[in-house]
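> The structure that follows is given in the form of C-alpha coordinates.
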Amino acid sequence: MHVAIFGTGYVGLVSGTCLAEVGHDVVCVDIDQAKIDGLQRGVIPIYEPGLEPMVKANHAAGRLKFTTDAGAAVASAEIVFIAVGTPPDEDGSADLQYVLAVARTIGRHLRAPAIVVDKSTVPVGTADQVRATIAAELESRGVDIDFDVVSNPEFLKEGAAVEDCMRPDRIVLGSREPASIEKLRRLYAPFNRNHDRIVAMDVRSAELTKYAANAMLATKISFMNEIANIAEKVGADVEQVRRGIGSDPRIGWHFIYPGAGYGGSCFPKDVQALARTAAQHSLEPTLLNAVEAVNDRQKAHLFDLFVRHYGAAGVLRGKTVALWGLAFKPNTDDMREASSRRLLQQLWDAGARVRAFDPEARDEARRIFGEREDLVLCDTDDEALQGADALAVITEWKQFRSPDFEFLKRSLRDAVVFDGRNLYEPAEIEAAGIAYWAIGRGRSIRQDRA
Ligand code: UDX
(Lines give C-alpha, C1' and ligand atoms only; values in the text may rest on other atoms or scores of the structure.)
Protein backbone atom coordinates (compact mmCIF):
# COMPACT_ATOMS: atom_id res chain seq x y z
CA MET A 1 0.00 0.00 0.00
CA HIS A 2 1.13 3.61 -0.59
CA VAL A 3 1.51 5.49 2.67
CA ALA A 4 2.55 9.07 3.47
CA ILE A 5 3.54 10.02 7.01
CA PHE A 6 3.78 13.61 8.20
CA GLY A 7 6.33 14.11 10.99
CA THR A 8 9.65 12.31 11.40
CA GLY A 9 9.81 12.36 15.20
CA TYR A 10 9.66 9.25 17.37
CA VAL A 11 6.20 8.21 16.30
CA GLY A 12 6.37 9.11 12.61
CA LEU A 13 9.84 7.79 11.90
CA VAL A 14 9.38 4.55 13.81
CA SER A 15 5.91 3.86 12.38
CA GLY A 16 7.02 4.69 8.86
CA THR A 17 10.07 2.45 9.13
CA CYS A 18 8.08 -0.48 10.50
CA LEU A 19 5.42 -0.12 7.78
CA ALA A 20 8.19 -0.16 5.14
CA GLU A 21 9.79 -3.14 6.85
CA VAL A 22 6.66 -5.23 6.23
CA GLY A 23 6.58 -4.22 2.56
CA HIS A 24 4.52 -1.05 2.29
CA ASP A 25 5.68 1.85 0.15
CA VAL A 26 6.25 4.70 2.62
CA VAL A 27 7.18 8.32 2.19
CA CYS A 28 8.01 10.34 5.33
CA VAL A 29 7.40 14.07 5.09
CA ASP A 30 8.87 16.81 7.25
CA ILE A 31 9.19 20.57 6.90
CA ASP A 32 12.73 20.41 8.34
CA GLN A 33 14.97 20.22 5.26
CA ALA A 34 18.12 19.48 7.29
CA LYS A 35 16.43 16.54 9.01
CA ILE A 36 15.21 15.13 5.68
CA ASP A 37 18.67 15.59 4.10
CA GLY A 38 20.18 13.79 7.07
CA LEU A 39 17.72 10.90 6.88
CA GLN A 40 18.48 10.47 3.19
CA ARG A 41 22.14 10.09 4.12
CA GLY A 42 21.29 7.66 6.92
CA VAL A 43 21.60 10.14 9.82
CA ILE A 44 18.92 9.18 12.35
CA PRO A 45 17.87 12.17 14.47
CA ILE A 46 17.00 10.10 17.58
CA TYR A 47 18.55 7.18 19.40
CA GLU A 48 16.25 4.18 19.41
CA PRO A 49 17.49 0.58 19.61
CA GLY A 50 17.27 -1.21 16.24
CA LEU A 51 16.01 1.81 14.34
CA GLU A 52 19.11 2.86 12.41
CA PRO A 53 19.77 -0.40 10.51
CA MET A 54 16.07 -0.73 9.73
CA VAL A 55 15.86 2.79 8.31
CA LYS A 56 18.97 2.24 6.20
CA ALA A 57 17.88 -1.15 4.85
CA ASN A 58 14.40 0.02 3.87
CA HIS A 59 15.69 3.26 2.41
CA ALA A 60 18.20 1.30 0.32
CA ALA A 61 15.43 -1.05 -0.80
CA GLY A 62 13.41 1.94 -2.02
CA ARG A 63 10.43 1.27 0.26
CA LEU A 64 11.18 4.17 2.63
CA LYS A 65 11.61 7.65 1.22
CA PHE A 66 12.12 11.04 2.85
CA THR A 67 10.93 14.32 1.42
CA THR A 68 9.84 17.88 2.16
CA ASP A 69 7.57 17.78 -0.91
CA ALA A 70 4.22 17.41 0.84
CA GLY A 71 2.21 17.81 -2.34
CA ALA A 72 3.76 14.87 -4.15
CA ALA A 73 3.59 12.70 -1.04
CA VAL A 74 -0.15 13.33 -0.53
CA ALA A 75 -1.00 12.99 -4.20
CA SER A 76 0.38 9.45 -4.39
CA ALA A 77 -0.84 8.13 -1.00
CA GLU A 78 -3.95 6.09 -0.25
CA ILE A 79 -3.32 6.42 3.50
CA VAL A 80 -1.91 9.61 5.04
CA PHE A 81 -0.71 9.59 8.65
CA ILE A 82 -0.47 12.68 10.83
CA ALA A 83 2.33 12.08 13.34
CA VAL A 84 3.49 15.59 14.19
CA GLY A 85 4.02 16.96 17.69
CA THR A 86 1.31 18.26 19.99
CA PRO A 87 3.33 20.28 22.51
CA PRO A 88 1.59 21.65 25.58
CA ASP A 89 0.11 25.12 25.33
CA GLU A 90 0.73 27.61 28.12
CA ASP A 91 -2.32 26.32 30.00
CA GLY A 92 -1.34 22.63 29.58
CA SER A 93 -3.81 21.83 26.80
CA ALA A 94 -2.41 20.28 23.61
CA ASP A 95 -1.35 22.77 20.93
CA LEU A 96 -2.89 21.58 17.67
CA GLN A 97 -1.28 24.07 15.30
CA TYR A 98 1.03 21.49 13.69
CA VAL A 99 -1.71 18.87 13.32
CA LEU A 100 -4.08 21.36 11.70
CA ALA A 101 -1.33 22.75 9.44
CA VAL A 102 -0.82 19.21 8.12
CA ALA A 103 -4.60 18.87 7.66
CA ARG A 104 -4.59 22.03 5.52
CA THR A 105 -1.67 20.68 3.48
CA ILE A 106 -3.54 17.41 2.91
CA GLY A 107 -6.67 19.30 1.83
CA ARG A 108 -4.64 21.39 -0.61
CA HIS A 109 -2.99 18.40 -2.29
CA LEU A 110 -5.48 15.52 -2.16
CA ARG A 111 -6.14 14.14 -5.65
CA ALA A 112 -7.92 10.84 -5.00
CA PRO A 113 -9.94 9.25 -2.15
CA ALA A 114 -7.75 8.62 0.91
CA ILE A 115 -7.83 7.78 4.57
CA VAL A 116 -6.26 10.31 6.91
CA VAL A 117 -5.02 8.78 10.15
CA ASP A 118 -4.35 10.74 13.35
CA LYS A 119 -1.45 9.05 15.11
CA SER A 120 -0.42 12.05 17.18
CA THR A 121 -1.82 12.10 20.70
CA VAL A 122 -4.63 14.59 20.28
CA PRO A 123 -7.52 15.72 22.45
CA VAL A 124 -10.96 14.28 21.92
CA GLY A 125 -12.63 16.04 19.02
CA THR A 126 -9.44 16.63 17.01
CA ALA A 127 -10.41 14.18 14.25
CA ASP A 128 -13.53 16.28 13.70
CA GLN A 129 -11.38 19.41 13.45
CA VAL A 130 -9.02 17.67 11.01
CA ARG A 131 -12.00 16.55 8.95
CA ALA A 132 -13.47 20.09 8.87
CA THR A 133 -10.08 21.60 7.96
CA ILE A 134 -9.55 19.23 5.03
CA ALA A 135 -13.14 19.68 3.88
CA ALA A 136 -12.74 23.48 3.89
CA GLU A 137 -9.60 23.24 1.74
CA LEU A 138 -11.31 20.90 -0.72
CA GLU A 139 -14.27 23.25 -0.92
CA SER A 140 -12.08 26.25 -1.60
CA ARG A 141 -10.48 24.25 -4.42
CA GLY A 142 -13.98 23.47 -5.70
CA VAL A 143 -13.36 19.72 -5.66
CA ASP A 144 -15.24 16.86 -4.04
CA ILE A 145 -12.95 14.02 -2.96
CA ASP A 146 -13.99 11.26 -0.60
CA PHE A 147 -11.89 10.97 2.58
CA ASP A 148 -12.24 9.68 6.13
CA VAL A 149 -10.34 10.68 9.27
CA VAL A 150 -9.44 7.76 11.54
CA SER A 151 -7.95 7.94 15.02
CA ASN A 152 -5.16 5.40 15.49
CA PRO A 153 -3.24 6.35 18.65
CA GLU A 154 0.30 5.10 19.07
CA PHE A 155 1.31 3.24 22.24
CA LEU A 156 5.03 2.81 21.61
CA LYS A 157 7.50 3.32 24.46
CA GLU A 158 10.75 5.15 23.89
CA GLY A 159 13.69 2.78 24.11
CA ALA A 160 11.51 -0.08 22.87
CA ALA A 161 9.73 1.75 20.07
CA VAL A 162 10.68 -0.53 17.18
CA GLU A 163 9.80 -3.63 19.17
CA ASP A 164 6.46 -2.12 20.31
CA CYS A 165 5.66 -1.12 16.75
CA MET A 166 6.52 -4.50 15.23
CA ARG A 167 4.69 -6.41 18.00
CA PRO A 168 1.84 -4.18 19.21
CA ASP A 169 -0.36 -5.47 22.04
CA ARG A 170 -3.31 -3.63 20.53
CA ILE A 171 -4.10 -1.58 17.43
CA VAL A 172 -6.82 0.91 18.25
CA LEU A 173 -8.80 2.18 15.26
CA GLY A 174 -11.48 4.83 15.62
CA SER A 175 -13.90 5.36 12.75
CA ARG A 176 -17.55 4.84 11.93
CA GLU A 177 -16.72 3.79 8.36
CA PRO A 178 -16.40 0.00 8.02
CA ALA A 179 -14.46 0.49 4.77
CA SER A 180 -11.79 2.57 6.57
CA ILE A 181 -11.39 -0.01 9.33
CA GLU A 182 -11.12 -2.72 6.66
CA LYS A 183 -8.43 -0.86 4.77
CA LEU A 184 -6.34 -0.22 7.90
CA ARG A 185 -6.84 -3.81 8.92
CA ARG A 186 -5.13 -4.76 5.64
CA LEU A 187 -2.34 -2.23 6.26
CA TYR A 188 -1.69 -3.69 9.70
CA ALA A 189 -2.20 -7.35 8.75
CA PRO A 190 1.55 -8.18 9.00
CA PHE A 191 1.54 -6.90 12.63
CA ASN A 192 -1.67 -8.66 13.52
CA ARG A 193 -0.75 -12.32 13.70
CA ASN A 194 -1.71 -15.17 16.05
CA HIS A 195 -4.64 -13.31 17.54
CA ASP A 196 -6.61 -10.26 16.49
CA ARG A 197 -5.15 -7.14 18.06
CA ILE A 198 -7.43 -4.68 16.29
CA VAL A 199 -9.79 -2.86 18.63
CA ALA A 200 -12.23 -0.90 16.47
CA MET A 201 -14.37 1.82 18.02
CA ASP A 202 -15.73 5.28 17.34
CA VAL A 203 -13.34 8.18 16.79
CA ARG A 204 -13.82 9.97 20.11
CA SER A 205 -13.42 6.80 22.14
CA ALA A 206 -10.16 6.04 20.31
CA GLU A 207 -8.87 9.53 21.05
CA LEU A 208 -9.76 9.20 24.73
CA THR A 209 -8.26 5.68 24.91
CA LYS A 210 -4.76 7.04 24.42
CA TYR A 211 -5.10 9.58 27.23
CA ALA A 212 -6.77 7.04 29.51
CA ALA A 213 -3.89 4.58 29.01
CA ASN A 214 -1.18 7.11 29.78
CA ALA A 215 -3.08 8.67 32.68
CA MET A 216 -3.66 5.25 34.23
CA LEU A 217 0.05 4.39 34.02
CA ALA A 218 1.05 7.78 35.44
CA THR A 219 -1.48 7.25 38.25
CA LYS A 220 0.11 3.92 39.18
CA ILE A 221 3.53 5.58 39.43
CA SER A 222 2.33 8.53 41.50
CA PHE A 223 0.38 6.15 43.72
CA MET A 224 3.51 4.14 44.42
CA ASN A 225 5.53 7.27 45.04
CA GLU A 226 2.99 8.34 47.62
CA ILE A 227 3.17 4.91 49.24
CA ALA A 228 6.99 5.24 49.26
CA ASN A 229 6.71 8.55 51.07
CA ILE A 230 4.35 6.99 53.62
CA ALA A 231 6.79 4.07 53.95
CA GLU A 232 9.51 6.57 54.83
CA LYS A 233 7.41 8.03 57.62
CA VAL A 234 6.26 4.74 59.14
CA GLY A 235 9.57 2.91 58.76
CA ALA A 236 8.48 0.39 56.12
CA ASP A 237 10.46 -0.65 53.01
CA VAL A 238 8.44 0.21 49.91
CA GLU A 239 10.30 -2.39 47.84
CA GLN A 240 8.94 -5.12 50.06
CA VAL A 241 5.50 -3.56 49.84
CA ARG A 242 5.83 -3.51 46.04
CA ARG A 243 6.62 -7.19 45.98
CA GLY A 244 3.73 -7.79 48.33
CA ILE A 245 1.12 -6.14 46.12
CA GLY A 246 2.43 -6.89 42.61
CA SER A 247 1.61 -10.58 42.88
CA ASP A 248 -2.10 -9.70 42.95
CA PRO A 249 -2.98 -9.95 39.24
CA ARG A 250 -5.53 -7.17 39.65
CA ILE A 251 -2.62 -4.86 40.57
CA GLY A 252 0.16 -6.45 38.51
CA TRP A 253 3.93 -6.00 38.46
CA HIS A 254 4.17 -3.21 35.92
CA PHE A 255 4.46 0.50 36.64
CA ILE A 256 4.56 0.16 40.40
CA TYR A 257 8.22 1.16 40.72
CA PRO A 258 8.62 4.13 43.05
CA GLY A 259 11.34 6.57 42.07
CA ALA A 260 12.32 10.15 41.37
CA GLY A 261 9.12 10.78 39.38
CA TYR A 262 8.09 10.15 35.80
CA GLY A 263 9.29 12.25 32.87
CA GLY A 264 9.30 11.97 29.10
CA SER A 265 7.29 13.38 26.27
CA CYS A 266 4.02 11.67 27.14
CA PHE A 267 3.00 11.27 30.77
CA PRO A 268 3.54 14.84 32.01
CA LYS A 269 1.98 16.36 28.89
CA ASP A 270 -0.91 13.92 28.54
CA VAL A 271 -1.97 14.01 32.20
CA GLN A 272 -2.09 17.81 32.00
CA ALA A 273 -3.91 17.82 28.68
CA LEU A 274 -6.55 15.38 29.93
CA ALA A 275 -7.03 17.48 33.06
CA ARG A 276 -7.52 20.52 30.80
CA THR A 277 -10.09 18.64 28.73
CA ALA A 278 -12.00 17.73 31.91
CA ALA A 279 -11.86 21.32 33.15
CA GLN A 280 -13.09 22.63 29.80
CA HIS A 281 -16.15 20.47 30.31
CA SER A 282 -16.69 21.78 33.85
CA LEU A 283 -15.39 18.61 35.48
CA GLU A 284 -12.94 18.91 38.35
CA PRO A 285 -10.10 16.46 37.45
CA THR A 286 -9.35 15.77 41.12
CA LEU A 287 -7.40 12.57 40.61
CA LEU A 288 -5.43 13.77 37.57
CA ASN A 289 -4.41 16.95 39.37
CA ALA A 290 -3.19 14.86 42.30
CA VAL A 291 -1.20 12.54 40.01
CA GLU A 292 0.52 15.58 38.56
CA ALA A 293 1.12 17.23 41.95
CA VAL A 294 2.60 14.06 43.46
CA ASN A 295 4.95 13.71 40.50
CA ASP A 296 6.04 17.31 40.69
CA ARG A 297 6.88 16.91 44.37
CA GLN A 298 8.58 13.58 43.74
CA LYS A 299 11.03 15.11 41.29
CA ALA A 300 12.33 17.22 44.20
CA HIS A 301 12.47 14.31 46.64
CA LEU A 302 16.02 13.16 45.94
CA PHE A 303 17.29 16.63 46.76
CA ASP A 304 15.30 16.52 50.02
CA LEU A 305 17.33 13.41 50.88
CA PHE A 306 20.54 15.35 50.20
CA VAL A 307 19.35 17.99 52.64
CA ARG A 308 18.49 15.37 55.25
CA HIS A 309 21.90 13.78 54.90
CA TYR A 310 23.92 16.96 55.04
CA GLY A 311 21.64 18.72 57.54
CA ALA A 312 21.13 21.83 55.37
CA ALA A 313 21.19 22.74 51.67
CA GLY A 314 23.95 25.24 52.38
CA VAL A 315 26.37 22.42 53.23
CA LEU A 316 26.30 21.46 49.54
CA ARG A 317 28.08 24.66 48.52
CA GLY A 318 31.39 23.70 46.95
CA LYS A 319 30.59 19.96 46.96
CA THR A 320 30.94 17.85 43.83
CA VAL A 321 28.14 15.41 43.07
CA ALA A 322 28.54 12.53 40.61
CA LEU A 323 25.28 12.00 38.71
CA TRP A 324 24.55 8.71 36.96
CA GLY A 325 21.82 9.18 34.40
CA LEU A 326 20.41 12.17 32.53
CA ALA A 327 17.79 10.64 30.20
CA PHE A 328 14.22 10.39 31.53
CA LYS A 329 14.57 6.61 31.37
CA PRO A 330 17.07 4.02 30.06
CA ASN A 331 17.66 3.24 26.38
CA THR A 332 16.90 6.71 25.16
CA ASP A 333 18.75 10.01 24.83
CA ASP A 334 15.55 11.93 25.54
CA MET A 335 15.69 14.39 28.44
CA ARG A 336 12.25 15.93 28.04
CA GLU A 337 10.77 16.48 31.54
CA ALA A 338 13.56 14.27 32.93
CA SER A 339 13.85 14.20 36.72
CA SER A 340 17.61 14.78 36.29
CA ARG A 341 16.89 18.33 35.17
CA ARG A 342 15.17 19.24 38.43
CA LEU A 343 17.92 17.66 40.52
CA LEU A 344 20.65 19.41 38.52
CA GLN A 345 18.97 22.76 39.02
CA GLN A 346 18.54 22.17 42.75
CA LEU A 347 22.17 21.11 43.15
CA TRP A 348 23.40 24.13 41.18
CA ASP A 349 21.14 26.46 43.17
CA ALA A 350 22.73 25.05 46.32
CA GLY A 351 26.20 25.81 44.96
CA ALA A 352 27.23 22.23 44.13
CA ARG A 353 29.11 21.13 41.01
CA VAL A 354 27.99 18.06 39.05
CA ARG A 355 29.98 15.45 37.14
CA ALA A 356 27.37 13.61 35.07
CA PHE A 357 27.44 10.45 33.00
CA ASP A 358 24.71 8.99 30.79
CA PRO A 359 25.37 6.34 28.13
CA GLU A 360 23.28 8.18 25.49
CA ALA A 361 22.13 11.61 26.65
CA ARG A 362 25.40 13.55 26.93
CA ASP A 363 24.97 15.36 23.61
CA GLU A 364 21.41 16.20 24.54
CA ALA A 365 22.59 17.57 27.91
CA ARG A 366 25.23 19.65 26.11
CA ARG A 367 22.54 21.02 23.81
CA ILE A 368 20.24 21.89 26.72
CA PHE A 369 22.74 23.33 29.20
CA GLY A 370 25.60 24.51 26.97
CA GLU A 371 29.02 24.95 28.54
CA ARG A 372 28.90 25.73 32.24
CA GLU A 373 31.60 25.32 34.80
CA ASP A 374 29.39 23.59 37.36
CA LEU A 375 28.64 20.73 34.92
CA VAL A 376 31.18 18.24 33.59
CA LEU A 377 29.82 15.65 31.15
CA CYS A 378 31.90 12.51 31.59
CA ASP A 379 32.55 9.63 29.21
CA THR A 380 32.25 6.82 31.75
CA ASP A 381 30.50 6.18 35.05
CA ASP A 382 33.87 5.82 36.80
CA GLU A 383 35.06 9.13 35.43
CA ALA A 384 32.01 10.85 36.95
CA LEU A 385 33.12 9.61 40.38
CA GLN A 386 36.56 11.22 40.19
CA GLY A 387 36.84 13.89 42.88
CA ALA A 388 33.16 13.53 43.81
CA ASP A 389 31.80 13.79 47.34
CA ALA A 390 28.53 11.97 46.72
CA LEU A 391 26.77 9.91 44.03
CA ALA A 392 23.19 10.37 42.84
CA VAL A 393 21.57 7.81 40.52
CA ILE A 394 18.55 9.04 38.60
CA THR A 395 18.16 6.82 35.51
CA GLU A 396 18.00 3.04 35.86
CA TRP A 397 20.45 2.10 33.07
CA LYS A 398 21.46 -1.55 33.39
CA GLN A 399 25.13 -0.68 33.74
CA PHE A 400 24.43 1.20 36.99
CA ARG A 401 22.81 -1.81 38.64
CA SER A 402 25.84 -3.64 40.04
CA PRO A 403 28.69 -1.27 40.80
CA ASP A 404 31.71 -2.29 42.85
CA PHE A 405 30.66 -0.90 46.25
CA GLU A 406 34.22 -1.03 47.61
CA PHE A 407 35.34 1.12 44.68
CA LEU A 408 32.44 3.52 45.28
CA LYS A 409 33.40 3.81 48.94
CA ARG A 410 37.00 4.66 48.02
CA SER A 411 35.95 7.12 45.29
CA LEU A 412 33.35 9.20 47.14
CA ARG A 413 34.77 11.57 49.73
CA ASP A 414 31.57 11.55 51.81
CA ALA A 415 30.80 7.86 51.07
CA VAL A 416 27.12 8.51 50.36
CA VAL A 417 24.78 7.37 47.57
CA PHE A 418 21.38 8.91 46.77
CA ASP A 419 19.42 6.43 44.69
CA GLY A 420 16.40 7.81 42.85
CA ARG A 421 15.51 4.41 41.32
CA ASN A 422 16.01 1.96 44.21
CA LEU A 423 18.65 -0.08 42.39
CA TYR A 424 20.60 -1.45 45.34
CA GLU A 425 19.99 -3.62 48.39
CA PRO A 426 20.37 -1.37 51.44
CA ALA A 427 22.12 -4.05 53.54
CA GLU A 428 24.64 -4.82 50.81
CA ILE A 429 25.68 -1.27 49.98
CA GLU A 430 25.73 -0.22 53.64
CA ALA A 431 27.94 -3.22 54.48
CA ALA A 432 30.58 -1.54 52.29
CA GLY A 433 30.45 1.48 54.58
CA ILE A 434 28.33 3.68 52.30
CA ALA A 435 25.42 5.77 53.57
CA TYR A 436 22.50 4.78 51.35
CA TRP A 437 19.48 6.99 50.73
CA ALA A 438 16.74 5.66 48.46
CA ILE A 439 13.04 6.19 47.81
CA GLY A 440 10.99 4.76 50.67
CA ARG A 441 13.84 2.53 51.87
CA GLY A 442 17.41 2.54 53.12
CA ARG A 443 18.48 5.35 55.40
CA SER A 444 15.43 7.46 54.47
CA ILE A 445 13.12 5.10 56.38
CA ARG A 446 15.39 4.53 59.37
CA GLN A 447 16.03 8.23 59.84
CA ASP A 448 12.31 8.97 59.96
CA ARG A 449 11.69 6.12 62.38
CA ALA A 450 14.43 7.31 64.69
C1 UDX B 1 4.79 6.15 27.73
C2 UDX B 1 3.83 4.95 27.61
O3 UDX B 1 4.39 3.82 28.32
C4 UDX B 1 3.58 4.61 26.15
O5 UDX B 1 2.63 3.55 26.05
C6 UDX B 1 3.05 5.87 25.44
O7 UDX B 1 2.84 5.62 24.07
C8 UDX B 1 4.02 7.02 25.63
O9 UDX B 1 4.27 7.24 27.02
P10 UDX B 1 7.43 6.52 27.52
O11 UDX B 1 7.16 7.96 27.83
O12 UDX B 1 8.34 6.22 26.39
O13 UDX B 1 6.06 5.76 27.19
O14 UDX B 1 8.08 5.87 28.82
P15 UDX B 1 7.70 4.81 29.97
O16 UDX B 1 8.55 3.62 29.84
O17 UDX B 1 6.26 4.57 30.06
O18 UDX B 1 8.24 5.59 31.28
C19 UDX B 1 7.76 6.88 31.63
C20 UDX B 1 8.38 7.41 32.91
O21 UDX B 1 7.84 6.74 34.04
C22 UDX B 1 9.90 7.26 33.02
O23 UDX B 1 10.42 8.48 33.53
C24 UDX B 1 10.08 6.13 34.02
O25 UDX B 1 11.30 6.22 34.72
C26 UDX B 1 8.88 6.32 34.92
N27 UDX B 1 8.43 5.08 35.59
C28 UDX B 1 7.95 4.03 34.87
C29 UDX B 1 8.46 4.99 36.99
O30 UDX B 1 8.87 5.94 37.68
N31 UDX B 1 7.98 3.86 37.58
C32 UDX B 1 7.50 2.81 36.89
O33 UDX B 1 7.08 1.81 37.53
C34 UDX B 1 7.49 2.89 35.48
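The values are calculated or read from the model by the stated rules, or taken from the named source; none is laboratory data. Since we're looking at a predicted model, the values are computed, not measured. Note that each Cβ is placed from the backbone with ideal geometry, even for glycine, and that neighbours are counted across all protein chains shown.
> Among the candidates A206, A218, A200, A228, which residue alone is more than 26 Å from D128 (Cβ to Cβ), modelled with pLDDT of 95 or more, small (G, A, S) and over 18 Å from the mean Cα position of the chain (by Cα)? Walk me through it before giving the result.
Working: A206 fails: more than 26 Å from D128 (Cβ to Cβ); A218 fails: over 18 Å from the mean Cα position of the chain (by Cα); A200 fails: more than 26 Å from D128 (Cβ to Cβ).
On inspection, the qualifying residue turns out to be A228.
> For segment 429-450, name all the residues that are at pLDDT 95 or above, in contact with a strand residue (DSSP E or B) (Cβ under 9 Å, 6 or more places away or on another chain) and assigned to a helix (DSSP H, G or I).
If the condition is that a residue be at pLDDT 95 or above, in contact with a strand residue (DSSP E or B) (Cβ under 9 Å, 6 or more places away or on another chain) and assigned to a helix (DSSP H, G or I), then I429, E430 are the ones that fit.
> Taking Y436, is it touching an Asp or Glu at 6+ places or on another chain (Cβ under 7 Å) and surrounded by 14 or more Cβ atoms within 10 Å (Cβ to Cβ)? Outline the logic, then answer.
Working: touching an Asp or Glu at 6+ places or on another chain (Cβ under 7 Å): yes; surrounded by 14 or more Cβ atoms within 10 Å (Cβ to Cβ): yes.
Against the criterion (touching an Asp or Glu at 6+ places or on another chain (Cβ under 7 Å) and surrounded by 14 or more Cβ atoms within 10 Å (Cβ to Cβ)), Y436 qualifies.
> Here's something else I'd like to know. Whether any residue in segment 349-357 is farther than 18 Å from A260 by Cβ, among the small types (G, A, S) and assigned to a loop (DSSP other than H, G, I, E, B) is what I want to check. First the steps, then the outcome.
First, pick out the residues of segment 349-357 that are farther than 18 Å from A260 by Cβ: 351, 353, 355.
From what is left, the residues that are among the small types (G, A, S) are 351.
Filter again for assigned to a loop (DSSP other than H, G, I, E, B), leaving 351.
Yes: segment 349-357 contains one or more residues that are farther than 18 Å from A260 by Cβ, among the small types (G, A, S) and assigned to a loop (DSSP other than H, G, I, E, B).
> Which residues, counting only those in segment 174-195, are within 24 Å of the chain's Cα centre (by Cα) and buried (at least 21 other Cβ atoms within 10 Å of the Cβ)?
Within segment 174-195, G174 is the sole residue that qualifies.
> For segment 175-198, check the following and say yes or no: at least one residue is within 16 Å of the ligand (Cβ to nearest atom), of a type in the set (V, I, T) and either outside the structural domain of Y47 (by TED's automatic domain parsing) or not in a helix (DSSP H, G or I) (or both).
Of the residues in segment 175-198, the ones within 16 Å of the ligand (Cβ to nearest atom) are 191, 197.
Those still in the list that are of a type in the set (V, I, T) too: none.
No, that holds for no residue.
> A further question follows. Select from segment 106-127 the residues that are charged (D, E, K, R) and out of contact with any strand residue (DSSP E or B) (no Cβ under 8 Å at 6 or more places or on another chain) and write down the one among them that is nearest to V29 (Cα to Cα). I'd like the intermediate steps shown before the answer.
Taking segment 106-127 and keeping what is charged (D, E, K, R), we get 108, 111, 118-119.
If we keep only those that are out of contact with any strand residue (DSSP E or B) (no Cβ under 8 Å at 6 or more places or on another chain) as well, we get 108, 111.
Numbers: R108: 15, R111: 17 Å.
Taking the candidates together, the pick is R108.
> Sort out which residues of segment 242-266 are more than 9 Å from the ligand (Cβ to nearest atom) and either loosely packed, with under 13 Cβ neighbours inside 10 Å or in contact (Cβ under 8 Å) with a residue 40 or more places away in the chain (or both), and write them in order of number.
If the condition is that a residue be more than 9 Å from the ligand (Cβ to nearest atom) and either loosely packed, with under 13 Cβ neighbours inside 10 Å or in contact (Cβ under 8 Å) with a residue 40 or more places away in the chain (or both), then R243, G244, S247, D248, P249, R250, G252 are the ones that fit.
> I'm trying to understand the selection: among the residues of segment 280-303, which are surrounded by fewer than 18 Cβ atoms within 10 Å (Cβ to Cβ), at pLDDT 95 or above and part of a helix (DSSP H, G or I)?
Within segment 280-303, T286, L287, N289, A290, A293, D296, R297 qualify.
> Quickly run through segment 223-252 and pick out the residues that are in a loop (DSSP other than H, G, I, E, B) and within 14 Å of G442 (Cβ to Cβ). Let's see the steps before the verdict.
The first filter runs over segment 223-252 and keeps only residues in a loop (DSSP other than H, G, I, E, B), leaving 235-237, 247-252.
Residues satisfying the conditions are G235, A236, D237.
> Condition first: outside any helix (DSSP H, G or I), touching a residue at least 24 places away in the same chain (Cβ under 8 Å) and either in the same structural domain as M335 (by TED's automatic domain parsing) or hydrophobic (A, V, I, L, M, F, W, C) (or both). Now tell me which residues in segment 12-53 satisfy that.
Filtering segment 12-53 down to residues outside any helix (DSSP H, G or I) leaves 22-32, 41-50.
Add one more test, that the residue is touching a residue at least 24 places away in the same chain (Cβ under 8 Å), and what stays is 22-32, 44-50.
The answer is V22, V26, V27, C28, V29, I31, I44, I46.
> OK, next. Let me confirm something: among K269, K210, K220, K233, which residue is over 29 Å from C18 (Cα atoms) and either within 11 Å of the ligand (Cβ to nearest atom) or small (G, A, S) (or both)? First the steps, then the outcome.
Details: K269 fails: over 29 Å from C18 (Cα atoms); K210 fails: over 29 Å from C18 (Cα atoms); K233 fails: either within 11 Å of the ligand (Cβ to nearest atom) or small (G, A, S) (or both).
Just one listed residue meets the conditions, K220.
> A further question on this structure: Which is outside the structural domain of I251 (by TED's automatic domain parsing) and not in a strand (DSSP E or B), of V149, V124, V172, V117?
Just one listed residue meets the conditions, V124.
> Give the residues of segment 432-450 that are touching a residue at least 24 places away in the same chain (Cβ under 8 Å) and either aromatic (F, W, Y) or over 21 Å from M224 (Cβ atoms) (or both), sorted by residue number.
A432, G433, I434, A435, W437
Yes or no, residue by residue, for (1) assigned by TED's automatic domain parsing to the domain that holds H301; (2) buried (at least 22 other Cβ atoms within 10 Å of the Cβ); (3) more than 21 Å from A384 (Cβ to Cβ):
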{"position": "E406", "(1), (2), (3)": "yes, no, no"}
{"position": "R410", "(1), (2), (3)": "yes, no, no"}
{"position": "D419", "(1), (2), (3)": "yes, yes, no"}
{"position": "A431", "(1), (2), (3)": "yes, no, yes"}
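> K233: of a type outside the set (G, A, S), in contact (Cβ under 8 Å) with a residue 60 or more places away in the chain, surrounded by fewer than 22 Cβ atoms within 10 Å (Cβ to Cβ) and touching an Asp or Glu at 6+ places or on another chain (Cβ under 7 Å), yes or no? Break it down into steps so the answer makes sense when it comes.
Values: of a type outside the set (G, A, S): yes; in contact (Cβ under 8 Å) with a residue 60 or more places away in the chain: yes; surrounded by fewer than 22 Cβ atoms within 10 Å (Cβ to Cβ): yes; touching an Asp or Glu at 6+ places or on another chain (Cβ under 7 Å): yes.
In short, yes.
> Give the residues of segment 398-432 that are of a type in the set (G, A, S) and over 26 Å from I221 (Cα atoms), sorted by residue number.
Taking segment 398-432 first, the residues of a type in the set (G, A, S) are 402, 411, 415, 420, 427, 431-432.
Residues satisfying the conditions are S411, A415, A431, A432.
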